Amino acid sequence: MAQLPEILEWYSLTPMVNEMKSPRTFLRDTFFGDVETQTTENIVFSVLEGGRETAPFVKRDGEAIMAGGYDEKEYTIGAPNIRIKRPLEASDLIFRRHAGDVIFADGGTVEAAAEREIARQLMRLNDLIDNAEEYLCALAIRGTISYTAADEANFTITYPKPSGNTVTLTNFWNGASATPMQDARDAKFIMHDAVSLNPTDVILGSEATDAFLSSDEVRSLLDTKNVNAGNLNLSADVDSQGAMFLGLFAGLRWWSYPSQVTVAGVATDLIRTKYAEFLHRGPGAEMKLYYAAISDLDAMDAGLLATRRFSKSWRQADPSVHQILVTARPLPVLRRPGAIVSMKVVSG
């Protein structure tokens, strides 16, 4: 028979310490906050394209010249499928005392503890999906979403990001001749040429953050009087989403986001360490987060095919097990991929 150690001694039960790491949601909440739920599995969107060609000139009283029209393209994308579950055995819910629970319990205490454990496990499943959605948003910003499903099937979604919107500098920021102000200005022209928008925010990877803050040009411009270069806050804290707001520079909001998530057991940077991602934060960029229809008959019966997440639970009779399940079909879409400029700013 199991016994409490030294039962005749006194013990103090202190509150439980919660060290579960909060999920990363900075990219999703800040740039993909425009959410739409769909009742189908595939997402289709159309794009009208037209360049900046000039109209031809003809002589007076001459015959008009045929002019080209616009191009029309249609893209069809299948949404990823996230479906995770966790079995909770009867012995775990009824007999196991979890961290912070009282030692001697009655029936009401046991029932309350079981309900609390189910809620905690469900929250954990939702945190895992939060991290997966943030990872998908990070891949979308790069222009390609690539992932492997549980059955080892590979999927790739490539957005038509203009080739000129991915830049590798020659004067890297970790070099002596770095020019972050000029590079930010170049990014503005690149984005405006592609989609007639300007970047509003810059997200830096870990190495890019260090190079930017140690750049001689950045420090000299901020020390120059009567020059409106910006206002960086080098004492800022990391917010709950894992990002640090550095301040304003060159008319842009600068963020450091060195956070990682674990993908298939491998720690993975959300923002590439050597990159600065210039983005337009606003409705003009049309960065959407779609949720495709839930592939579940219970969701259909409940009228919840079009929802961000669907959860359910059921009991297995023998052996007695309580199953919880959460499913989601998130798909971050760059409807205007030119609203992002990816710039490699650190050598290597």
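Please treat every number below as a calculation from the coordinates, not as lab data. For clarity, every value in this text was computed on a predicted model and none was experimentally measured. For neighbour counting, all protein chains shown are included, and Cβ atoms are generated from backbone atoms with ideal geometry for every residue, glycine included.
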Mind sorting Phe245, Phe26, Phe278 by how few other Cβ atoms lie within 10 Å of their own Cβ, fewest first? Phe245, Phe26, Phe278
Structure shown: which of Lys73/Lys274; Lys161/Lys288; Lys21/Lys85; Lys161/Lys344; Lys73/Lys344; Lys21/Lys161 lie over 22 Å apart, alpha-carbon to alpha-carbon? Lys73/Lys274; Lys73/Lys344; Lys21/Lys161
Listed with the fewest Cβ neighbours within 10 Å leading, Glu207, Glu74 appear as Glu74, Glu207
Going by how many other Cβ atoms sit within 10 Å of their own, how do Trp255, Trp173 line up, fewest first? Trp255, Trp173
Approximate spin-label separation Thr39-Ser347, in nm, with each point projected 7 Å along Cα-to-Cβ: 5.9 nm
Can you give me the long-range amide H partners of Val167? Hydrogens built in the peptide plane at 1.01 Å from N, cutoff under 5 Å, separation of 5 or more residues or another chain. Ser342, Met343, Lys344
Around Gln241, what is the net charge, scoring Lys/Arg as +1 and Asp/Glu as -1 over all other residues with Cβ under 15 Å from its Cβ? -3
